[in-house]
Amino acid sequence: MAEVLVYVDHVDGAVRKPTLELLTLARRIGEPVAVALGSGAGDTAATLAEHGAVKVLTHEAAEYADYLVVPKVDALQAAHEAVSPAAVLVPSSAEGKEIAARLALRLGSGVITDAVDLEAGDEGPVATQSVFAASYTTKSRVSKGTPVITVKPNSAAVEAAPAAGAVESLSVTFSEQATGTKVTGRTPRESTGRPELTEAAIVVSGGRGVNGAENFAIIEALADSLGAAVGASRAAVDAGWYPHTNQVGQTGKSVSPQLYIANGISGAIQHRAGMQTSKTIVAVNKDAEAPIFELVDFGVVGDLFDVVPQLTEEVKARKG
Amino acid sequence: MSLRIVVTVKYVPDATGDRHFADDLTVDRDDVDGLLSELDEYAVEQALQIAENSDDDVEVTVLTVGPEDAKDALRKALSMGADKAIHVEDDDLHGTDAIGTSLVLAKAVEKAGYDLVVSGMASTDGTMGVVPALLAERLGVPQVTLLSEVNVEDGKVTGRRDGDAASEQLEASLPAVVSVTDQSGEARYPSFKGIMAAKKKPVESWDLSDLDIDADEVGLENAYTTVESASERPARTAGTIVKDEGEGGKQLAEFLASQKFI
């Protein structure tokens, strides 16, 4: 059976959820061979094996943290040479897409980004994408070279599928370009204790109607009662009420949770682009004409300062 | 010292219009008004700021690859303050994908001459966000991308890249390819004077032969990816809307419980 390379996104050996989702998708096409790079790469093997990796290729070097993107491209290229896979799958983060694109160019391959589903096809894997602010669904495939495909978080279920997960060390020679862009400083994000926005099963967002940074406390309180991530519309971020890392929309994150709760968000195209594929959508907004209500499964026309705290109390009461 | 900046921009269908696909599954450009991709305005803005803050002699050139109408995007960038423009246009380019576009841009940037390429973070139609990385790979120069803050000084570019896990400070020597995010600073509006001046600024037109690119390296037939189908997403079925009369939060909780979220 053909092998499929899966690029592992991990933090010091802790594998992030989107990579486990990739292993589920990779098994539809072939046998997953994981590639883990940098500090803690070897510690990823047990988790990866549990989720279907037949092999885990690892390489630890300071270059992966000290320089931008290119060292990882060099490593994936080396892995491609070693394995001759049927496809290469990479998580659809900003960095993941850059790695995938440069790799594809080197391999003489096409690249597809932001797939939301993947299936085997007669002429290679077929990727489903959600485009034009999620108003269209396309199916595409790579027609030249080894398909390189990036997949968005929440595109598949994480499944246990125990496999050998044999660790092999990958031999990598860094290219001349590898050290071109130096990372001279790194400030880790402060942990909020909440789930990662793109990976969360529930997202609670606030927009212009929240009307101030301090008022985001009621959005956070609802999120915490549900174990949800917090999102914000561009209007709220541009006003300086909430960090850009939490922005949902065209120029922020695109999310596809089981449940999306929009509070004080009108639902402009910019925002819809980032949340329209959510499974269930509910909204609270003062304006009955707000376009967000065209998307909802359940909507409340009312003042979010009344409705949201009441909802939070009710959730807490029901959860006991 | 002089500094040559090339800003790559894209002419895209208006995202607020009713965008759809043509029969050959390329983006339909006829039925929706086009404009300079909003995210590229940030690139033009940062290039102009670098020029304004520099003691060097700086020339800002805007470059686009696209159909005849794409000149509108160049004109907008020129009216913001760019010095000159290059339009790469060729019938054989129809349907070219990101890999092919990066080839055309790389050849055009090399022909124009550059010390710094500035791009937006992604287009507002394709939204892949990979062209700056591809351009750096093709040109063999450092990729300093997704910056929310950028500075150019003493032959070096530095900047801040805000990622999911961390915020990184980056540094590279020129020549380099930079991309900037919508957090890099509000783009200026063209002034009346700027709009008038833009009409007199030079716009060069190049075709594939000017760039020594063969027709079989680009275009829909030679794309590295194939779109097999495109279907309109079915409209979401109308949901229940209630007016809050004191019980709105409880009603919403009831709905969430019925869907097993609580």
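In terms of its Cα atoms, the protein assembly as shown spans 69, 64, 48 Å along the principal axes, sorted from long to short. Distance from the C-alpha centroid of segment A:3-39 to that of segment B:20-51: 34 Å, rounded to the whole angstrom.
Against the main long axis of the alpha-carbon atoms of chain A, helix A:216-226 sits at an angle near 70°. Listed by Cβ neighbour count within 10 Å, with the fewest neighbours leading, B:189, A:136, A:242 appear as B:189, A:136, A:242. With distances taken between every two different alpha-carbon atoms, segment A:153-305 has a Kirkwood hydrodynamic radius of 17.3 Å. Kirkwood analysis of chain A, using all unique Cα-Cα pairs, places the hydrodynamic radius at 20.7 Å. For residue B:243, the lysines whose Cα falls under 26 Å of its own Cα, not counting residues fewer than eight places away in the same chain, are A:279, A:286, A:316, A:319, B:260. Normalised by the number of residues in segment B:2-217, the mean separation of alpha-carbon contacts (under 8 Å, six or more apart) gives a relative contact order of 25 percent. Taking the longest Cα principal axis of chain A as reference, the axis of helix A:94-107 is set at about 30 degrees. The C-alpha atoms of chain B define a longest principal axis, and helix B:38-52 lies at about 40 degrees to it. Relative contact order, percent, of chain A when contacts are C-alpha pairs under 8 Å separated by at least 6 residues? It rounds to 15 percent for chain A.
The alpha-carbon positions of segment A:3-179 define a convex hull whose volume is 102 Å³ per residue. Quick one: in segment B:2-217, what % of C-alpha pairs are over 25 Å apart? Value for segment B:2-217: 34 percent of Cα pairs lie more than 25 Å apart.
Since every read-out is calculated from the coordinates, none of them should be taken as a lab result. Keep in mind that this is a model prediction, so the values were computed, not measured. Because the Cβ atoms are built from the backbone with ideal geometry, glycine has one as well, and the counts that use them run over all protein chains shown.
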